[in-house]
Amino acid sequence: MQIQDLPPSAACLPLAETLKQRRHQLTALIDVPVVLWSGRSSARNFPANIYPFRTSSHFLYFAGVPLENAAIRLEKGRLELFKDDPTPADLLWHGVTSTRDEIAAAIGADAAFPLIALMSRTSGAATLSVQDPATRQQQPRLLDRPVASAHQAQGLDGALAKAIAHMRLCHDAAGLAEIRAAAAVTVEAHIAGMAATRLAHREAQIRAAMEGVILAHNMTTAYSSIVTVHGEVLHNNQYHHPLQPGDLLLADVGAEAESGWASDVTRTWPVSGKFSPTQRDLYDVVLAAHDRCIEQLRPGVEYQDLHLLAAQTLAEGLVSLGILRGQPDQLVARDAHALFFPHGIGHLLGLDVHDMEDLGDLAGYETGRSRSDRFGLCYLRLNRPLRPGMVVTIEPGFYQVPALLNDPERRATYQDCVNWEHLTKFADVRGIRIENDVLVTDTGCEVLTAALPTHADAIEALISR
Ligand code: GLY
Ligand code: MN
């Protein structure tokens, strides 16, 4: 059965079967009813002119399809869908869309009701707060109790957050298939971005080439693309800078499948098509950190140890280039590497690009662990032993962030660790990051984005192709 306005994955029985298995797993973890809302769109200036809508990921995980202004109720393996049928005005402005009963059949719901019926079905239910303000206001009214933000969920809601984090930590076959589909499109987008570079004059043109591939696959971006010659701005969302021949371009762009599953990839390449000697030296140091992490990535390995391995590799490389001074392990112990690598080695990837970060560190941190306040560890988003079925990113980088390097306090702390004079010779490197999406397998790992080269020579070849 093909449902007209639902993604292709919704139209096949395996989706309903997958959702059933997820419900049964949830039942084993929590013994109260669960109500999850999809959320609804926000108006830009009048109700029909909306910001792009994204269904809540927790809802998506159990409902399987992106829906707006809908809810599901899960109890003892049973799935109830709450959604209004299209109104005559909807039919006029948006055309014929799936009815509630058609959607219910596609996702294997046991019953389907208009939204109003939810009022009598919320008693004693656990839920998670959604991001959109209108639905967030509605949740306490319908449940007749306060609902804290998802990262502060307590009591029943806290138990639900824990159960869902446990389930979404390791992906089932259906989730993995969708991540693979998003990853394949992301690889294509990066190749298009590299190919577009020689004729481009501004960052925006490369962004357009990359996002054009994603849109052509009827996917969206999983986060605001970073396509910039100012890679030192970690989450740069400006695209107006001109491209100069000596610049490095950092592109952190990932597709999100129609079903909501994400990918997240970064490459850094020379605008001219050829790395300068200083750029190549630092690129190879970042690549060595990336490669060593992938070599060690397997079940049982502590993700924080991979972060520290990347830090150690970067410190070794920077010492050999004369940028850092001292013993690499002592430099890492003092967090000197964080002057140039201030973020964590990566994060969980799934239905969200930083998967489940709406739950704070509940998913990312093993029970009993909490964030370090160390300069070199405070942005580590994942601190658990790795398990088969997890997908994580590995994304080491080197950056010259003026706010860090010119900070008088940091400069005083690390005065003896850095050859500041020598560092000026590397002024043509503002930011380098290399990022891949990696599945933890039973015996090791699989780089899901391996089709996109990382080696500098291969990147240069793709730009001149
Ligand atoms: N893709 C952006 C990030 O991982 O923070
Ligand atoms: Mn990332």
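Which of rounded, prolate or oblate describes the stretch 270-329 when judged by the alpha-carbon gyration tensor and an a/c cut-off of 1.5?
Numbers: a/c = 4.01, a/b = 1.48, b/c = 2.72.
Oblate.
Report the full-extension gain for the segment Thr441 to Leu199: residue separation times 0.36 nm, less the Cα-Cα distance, to one decimal in nm.
Details: separation 242, 0.36 × 242 = 87.12 nm, distance 4.06 nm.
My answer for the length gained is 83.1 nm.
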Subject >> Net charge contributed by nearby residues that have their C-beta within less than 15 Å of His201 (K/R +1, D/E -1) >> reply: +1
Subject >> Computed log₁₀ I(q)/I(0) - Debye formula, equal Cα scatterers, no solvent, the stretch 244-385, q 0.10, 0.15 Å⁻¹ >> reply: -0.40, -0.88
Original post:
Which whole-Hz couplings ³J(HN,Hα) result when phi for each residue of the stretch 421-430 is put into the Karplus expression 6.51 cos²θ - 1.76 cosθ + 1.60, θ = phi - 60°, listed in order with x for Gly and Pro?
Top reply: 4, 5, 4, 4, 5, 9, 5, 7, 10, 9
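Given the Cα-Cα distance of Gln327 and His24 and 0.36 nm per residue of separation, how much length would full extension add, in nm?
Numbers: separation 303, 0.36 × 303 = 109.08 nm, distance 5.28 nm.
103.8 nm is the gain from fully extending Gln327 to His24.
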Original post:
Which ³J(HN,Hα) values, rounded to whole Hz and listed in residue order, are derived for the stretch 113-129 from phi using the Karplus coefficients 6.51, -1.76 and 1.60 in 6.51 cos²θ - 1.76 cosθ + 1.60 with θ = phi - 60°, glycine and proline given as x?
Top reply: 9, x, 4, 4, 5, 5, 3, 9, 10, 9, 4, x, 8, 8, 8, 10, 5
Subject >> Local electrostatic count at Gln25 - Lys and Arg +1, Asp and Glu -1, tallied over other residues with Cβ under 12 Å >> reply: +3
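How would you order 226-236, 452-462 from highest to lowest mean count of nearby Cβ atoms within 10 Å? Write down the numbers at each step before the final one.
Values: 226-236: 20.5, 452-462: 16.4.
Highest mean packing first, the order is 226-236, 452-462.
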Original post:
Going by how many other beta carbons lie within 10 Å of each one, how would you line up Leu405, Leu19, fewest first?
Top reply: Leu405, Leu19
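Using Cβ contacts closer than 10 Å as the measure, can you line up Leu359, Leu29 from fewest to most? Display every interim value, and only then the final one.
On the way: Leu359 23, Leu29 13.
Arranged by neighbour count, lowest to highest, Leu359, Leu29 become Leu29, Leu359.
Asp85 to Gln238: FRET efficiency via 1/(1 + (r/R0)^6), r the Cβ-Cβ distance, R0 35 Å, to the nearest 0.05? Let's see the in-between values first.
Details: r = 43 Å, r/R0 = 1.23.
Efficiency for this residue pair is about 0.25.
Under the rule a/c < 1.5 gives rounded, and otherwise a/b versus b/c splits prolate from oblate, where does the stretch 127-189 land using the Cα gyration tensor?
Details: a/c = 3.71, a/b = 2.00, b/c = 1.86.
Since a/c reaches 1.5 and a/b is larger than b/c, the shape of the stretch 127-189 is classed as prolate.
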**OP:** Using only the Cα atoms, work out Rg/Rh for the chain, with Rh taken as the Kirkwood radius, to two decimals.
**Re:** 1.00
Subject >> Long-range HN-HN contacts of Asp355 with modeled amide H, under 5 Å >> reply: Leu348, Leu349, Gly350
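Per DSSP H run of at least 4 residues, take -39500 (n - 2.57); add these up for the chain, divide by its residues and hand me the 222 nm value, nearest 500 deg cm²/dmol.
Values: 15 runs with 170 residues, N = 465.
Helix-only estimate at 222 nm: -11000 deg cm²/dmol.
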Subject >> Built amide H within the under 5 Å cut-off of Leu249, gap 5+ >> reply: Trp269, Val271
Original post:
How do Ile323, Ile50 line up, fewest other C-beta atoms within 10 Å first?
Top reply: Ile50, Ile323
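Which length gain, in nm to one decimal place, applies between Trp93 and Lys274 when the Cα-Cα distance is subtracted from 0.36 nm times their residue separation? Let's see the in-between values first.
Working: separation 181, 0.36 × 181 = 65.16 nm, distance 5.10 nm.
Once the chain is fully extended between Trp93 and Lys274, it gains 60.1 nm.
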Original post:
Considering amide H positions built from the backbone, and no H for Pro or chain starts, which residues 5 or more places from Ala70, or on another chain, come under 5 Å of its amide H?
Top reply: Ser38, Gly39
**OP:** Enumerate the calculated ³J(HN,Hα) couplings along the stretch 91-105 in order (Karplus 6.51 cos²θ - 1.76 cosθ + 1.60, θ = phi - 60°), each rounded to whole Hz, writing x wherever the residue is Gly or Pro.
**Re:** 5, 5, 8, 10, x, 6, 10, 4, 7, 4, 5, 5, 5, 4, 5
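FYI, it's all coordinate maths here, none of it is from the lab. Everything quoted here is computed from the prediction, not taken from an experiment. Note that we place each Cβ from the backbone using ideal geometry, even for glycine, and neighbour counts take in every protein chain shown.
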